[in-house]
Each structure stands twice: as structure tokens, then as C-alpha cells.
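S.K.: Sharing a structure below in C-alpha cells format, with a few things to ask.
The values are calculated or read from the model by the stated rules, or taken from the named source; none is laboratory data. These numbers come from a predicted model, not from an experiment. Counting neighbours? That spans all protein chains shown, and the Cβs are built from the backbone with ideal geometry, glycine included. Please note that ligands, DNA and RNA were not included when accessible areas were found on the heavy atoms of the full protein model with its side chains. Shrake-Rupley method; radii C 1.70, N 1.55, O 1.52, S 1.80 Å.
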Amino acid sequence: MSGASGVSGVSDEEIAGYVRALADLERRREALAERVGELRLAATPRELAERDRLGTELAVLTDVVLLESAATLGHLGLTTAALAVQHVLETERPTGEDD
């Protein structure tokens, strides 16, 4: 029974894959957030445009991280946690971006 975890029949390797994928997304999100932070005092039109573009990209990537987190929790059989993450995604969106 090598690699079996007992969590909804998901193997240890599958769990590690899910975690790695989420960690990669989060690293990308953190790097983008850092770049947006560096542009918080943007002054030129080019810097302002870059900050806006990166800010939008950051918002989208944050949603992707939350969606992937919910999906991963669901795959692991952690339905209540998956629903909680989905709820955060739905309630934390800025006004005007609701479905």
C-alpha cells in the first residue's frame, strides 16, 4: 500500500502534487504583490499603467489561488474547508465583480 494516505483515497504523491501546484501559484502571487508594492508611489503615466496592469493581474491570480485551494481541499475530501474557501472568494471580491 505504498503511497496511500487514507484521505479520500488520494495518494501521498497526489497530495504532494496538489501542494506543490498551490505553492507555485502562491510564490507567483507573492512576487507580483511585491512588484505592485514597489509601484505604490508611481508617478509617471507609464508607472501608473504598469501598476494598474499588475494590480489587475494580482487580483486575478489571487482568485486563481483561492479557486485552486478550494478544488484541492475538495479532492482531499475536506468539503467543509473547500466550501469555506469558496465563500471567502465569493464574499471578498470588490464591488462590481460579482457573478
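S.K.: Cβ neighbours within 10 Å, averaged per peptide: list 15-28, 59-72 in order, most packed at the top.
M.R.: Values: 15-28: 13.4, 59-72: 16.8.
Top to bottom by mean Cβ count within 10 Å: 59-72, 15-28.
S.K.: Summing +1 for each Lys or Arg and -1 for each Asp or Glu, what net charge is found among the other residues whose Cβ lies under 11 Å from the Cβ of residue 38? Could you put the intermediate results ahead of the total?
M.R.: Values: positive: 35, 40, 51; negative: 34, 47, 50.
Summing Lys and Arg as +1 and Asp and Glu as -1 gives 0.
S.K.: Something else about it: Determine the per residue accessible area of the chain with all protein chains present and a 1.4 angstrom probe, expressed in square angstrom. Kindly include the intermediate steps, with their values, before the conclusion.
M.R.: Working: 6850 Å² over 99 residues.
Ligands and nucleic acids excluded, the result is 69 Å² per residue.
S.K.: Determine the calculated [θ] at 222 nm for the chain from helices alone, applying -39500 (n - 2.57) to every DSSP H run no shorter than 4 residues and normalising by the residue count; nearest 500 deg cm²/dmol. List each step's numbers first, then the result.
M.R.: On the way: 3 runs with 72 residues, N = 99.
Estimated from H runs of four or more residues: -25500 deg cm²/dmol.
S.K.: Could you please state how large a percent of the accessible area of segment 5-81 is carbon and sulfur, counting protein chains only and using a 1.4 Å probe? Show your work: numbers first, answer last.
M.R.: Details: 2920 of 5000 Å².
On segment 5-81, the fraction of accessible area on carbon and sulfur atoms equals 58 percent.
S.K.: If you take every residue apart from residue 51 with its C-beta less than 12 Å away from the C-beta of residue 51, what net charge results, scoring Lys and Arg +1 and Asp and Glu -1?
M.R.: Numbers: positive: 35, 40, 46, 53; negative: 38, 47, 50, 52, 57.
That works out to -1.
S.K.: Here's a follow-up. Quick one, which of [x] 38, 14, 13; [y] 33, 12, 9; [z] 34, 17, 7 is the actual semi-axes √(5λ) of the Cα gyration tensor in Å calculated for this model?
M.R.: Here the calculated entry is [z].
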